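The values are calculated or read from the model by the stated rules, or taken from the named source; none is laboratory data. Because the structure is predicted, anything quoted here is derived from the model rather than measured. Note that we place each Cβ from the backbone using ideal geometry, even for glycine, and neighbour counts take in every protein chain shown.
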Amino acid sequence: MVFKAGEGAGASGSFFFFSFDGKFLIKTLRGEEKEILLNMLPSFIDHLKQNNNQSLIAKIYGCYTIKTNQFKAVHIIVMENTARLISPTNHKLIFDMKGSSVNRFSKQVKVMSASSLN
């Protein structure tokens, strides 16, 4: 198997794929998402340069458009799979940061203390 695939639960409905070794995440983009990404790219590159290529933001390795006679053009982004960097024994919080707060809500969850788990 080359890729594991899934459909995003987000509003965009983008598909995402993981490389076999889990190092890369490939995600489909809508046309406007591609344009926003390309417009942000110079600032992102400056951020990486200013921080010696160290960042909590996933590294972007490429943005491509796949064209074929079989289906409409598909825009994809290839990026670092940051979830892979987390040790299963060392629990961390993962945030999916968005550029907009429009129609974005979070569920309220009950947090239990560690002492209540014993």
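Give the number of residues within the range 41-58 that are surrounded by 11 or more Cβ atoms within 10 Å (Cβ to Cβ) and among the small types (Gly, Ala, Ser). Outline the logic, then answer.
Step one: filter the range 41-58 for residues surrounded by 11 or more Cβ atoms within 10 Å (Cβ to Cβ), giving 41, 44-45, 47-48, 51, 55, 57-58.
Cutting the leftovers down to among the small types (Gly, Ala, Ser) gives us 55, 58.
The total comes to 2.
Output the number of the condition that Phe105 fails; it satisfies all remaining conditions of (1) under 15 Å from the mean Cα position of the chain (by Cα); (2) modelled with pLDDT under 90.
The single condition Phe105 does not satisfy is (1).
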